[in-house]
Amino acid sequence: MNNLIDIADRFKPQGKVIDIQEFGHGNINSTFLVTLDSLEEKHFILQRINTQVFRQPKLVMQNMSIFTLHVGDKLKALSSAYRLQHTPPNRRWEVPRVLLTQNAQNHFIDAEGSFWRAISFIEAAESFDIIKDSNHAREVGYALGMFHNLISDLPTEKLADTLPGFHITPRYLQQYNEVLPKSSVSQSAEVKYCLQFVSDRSSWAHVLENAQAQGQLHLRPIHGDPKINNVMIDTTTGHAISIIDLDTVKPGLVHYDIGDCLRSSCNFLGEETDQWDMVRFDTDICQSVLQGYLSVAREFLTISDYEYMYDAIRLIAFELGLRFFTDYLAGNVYFKIKYPEHNLNRAIVQFKLTESIESQETAIRAIIQEMR
Ligand code: GN1
Ligand code: MG
């Protein structure tokens, strides 16, 4: 704790650190909520970046600064006509700020070599691991649309690739094929189910990358991780007011974001359930998320973008299952776990969700078609 206080002290904007608690449910970084005895800024977020995953954490911070500057300017420049059209009256939209150390650095490396950074806390807001209702779903979709809208004109060349291969499904398949022969996990019924599941879908897994190679889809700045619990909801109004967790903001396909937002929102049991056979993709929630998304994002989507939306939803659920399963086979080197089979269980949840998406293909395609 003392060590944590020392580190928090370096970033605190003012006041005295009075409390530090672990915060959120991140699978990669370690996150803490710092409380200050200050009247101005009462809290901030302190994070230790997992440098096994983010090998160049300084580039993560650089992207974050470029993003924040761009969006800050853009929000100021939004015309009142635009605001009237897209943002209901009194809706706030906040962008997390990077806090600097007393030496004006955006990070601090401690004696053990850990990489720390601090980010402003969004007050009077909360996030949820599981969708509450269709109103919440529309807000989650709105948040992603707002985010894409604010960064759609940020040239991708300005953003560094902080996580090469992230969301490129064929690369995950390649890793899986490398890890599989070396793995010593026992061939339980669950493992056999996963092996078969991946094998049955391995040729289709190239769908988005092929579409990009053929010029049908284009790289844009993306969030990379817009799952439901990264959308902050105002505790009073119920409005979405921010998307947090900007580590994976980098060039990519908006489809990864749309797929990730939907796979996480439309699963009422959440990512951590052990009731595999009950996992379903809820199409009503899907419709509400897309309504919210398109209320702000319609302008920059092309006909091809719509055509690949169904594949994106199916693919990102499959891909996350594949990533969890590969990590289980590799001995849990990437995602944090609470028990040895954790990543296997998480993989099965995503594969069951993928099955549910596949079994409702016609209905999901109809929802997308209706909204175009
Ligand atoms: C990881 O740590 P967290 O929860 O922000 C992962 C995402 C996954 C997510 C699944 C950099 O995000 O891609 O979708 O777990 N982030 C990275 O919960 O791999
Ligand atoms: Mg994340």
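The values are calculated or read from the model by the stated rules, or taken from the named source; none is laboratory data. Since the model is a prediction, treat every value here as computed from it, not as a measurement. Counting neighbours? That spans all protein chains shown, and the Cβs are built from the backbone with ideal geometry, glycine included. What goes into the accessible areas is simple: the full protein's heavy atoms, side chains included, and nothing from ligands, DNA or RNA. Shrake-Rupley method; radii C 1.70, N 1.55, O 1.52, S 1.80 Å.
Cys286 passes all but one of (1) touching a residue at least 60 places away in the same chain (Cβ under 8 Å); (2) within 16 Å of ligand 1 (Cβ to nearest atom); (3) out of contact with any Asp or Glu (no Cβ under 8 Å at 6 or more places or on another chain); which number fails?
(2)
Which pairs have Cβ atoms under 6 Å, sit 6 or more apart or on different chains, and link a residue in region 229-258 that is closer than 15 Å to Thr162 by Cα to one that is away from ligand 1 (no atom under 11 Å from the Cβ) and acidic (Asp, Glu)?
These pairs meet every condition: Lys250/Asp161.
Go through Ala189, Ala240 for me and flag whichever is open to solvent by less than 10 Å² (accessible area, probe 1.4 Å), of a type in the set (Gly, Ala, Ser), more than 14 Å from Ile316 (Cβ to Cβ) and at pLDDT 95 or above.
Residue meeting the stated conditions: Ala240.
The conditions are (1) modelled with pLDDT of 95 or more; (2) closer than 15 Å to Val140 by Cα, and Asp277 fails exactly one of them. Which is it?
(2) is the only condition that Asp277 fails.
Assess whether Lys227 counts as being of a type outside the set (Ser, Thr, Tyr), within 16 Å of ligand 2 (Cβ to nearest atom) and in contact with a Leu (Cβ under 6 Å, 6 or more places away or on another chain).
Here the answer is no, as Lys227 does not meet what is asked.
For every residue, the table says whether it meets (1) out of contact with any strand residue (DSSP E or B) (no Cβ under 6 Å at 6 or more places or on another chain); (2) more than 16 Å from ligand 2 (Cβ to nearest atom); (3) in a helix (DSSP H, G or I); (4) outside the structural domain of Leu315 (by TED's automatic domain parsing).
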site	(1), (2), (3), (4)
Val179	yes, yes, yes, no
Ala211	yes, yes, yes, no
Met232	no, no, no, no
Ile241	no, yes, no, no
Leu262	yes, yes, yes, no
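Looking at region 31-44 only, could you name the residues that are more than 10 Å from ligand 1 (Cβ to nearest atom) and at pLDDT 95 or above?
Phe32, Leu33, Val34, Thr35, Leu36, Asp37, Lys42, His43, Phe44
Only helices (runs of 4 or more DSSP H) wholly contained in region 274-364 count here; list those with 2 or more residues that are crowded, with 17+ Cβ neighbours inside 10 Å and either in the same structural domain as Val191 (by TED's automatic domain parsing) or under 18 Å from the mean Cα position of the chain (by Cα) (or both).
Hits in region 274-364: 283-297, 309-329, 342-359.
Among (1) open to solvent by 40 Å² or more (accessible area, probe 1.4 Å); (2) within 16 Å of ligand 1 (Cβ to nearest atom); (3) free of Cβ contacts under 8 Å to residues at least 40 places away in the same chain, which single condition is Gly26 missing?
Among (1) open to solvent by 40 Å² or more (accessible area, probe 1.4 Å); (2) within 16 Å of ligand 1 (Cβ to nearest atom); (3) free of Cβ contacts under 8 Å to residues at least 40 places away in the same chain, Gly26 violates only (3).
Mind listing whichever residues of region 166-186 are within 25 Å of the chain's Cα centre (by Cα), open to solvent by 40 Å² or more (accessible area, probe 1.4 Å) and not charged (D, E, K, R)?
Ile168, Gln174, Gln175
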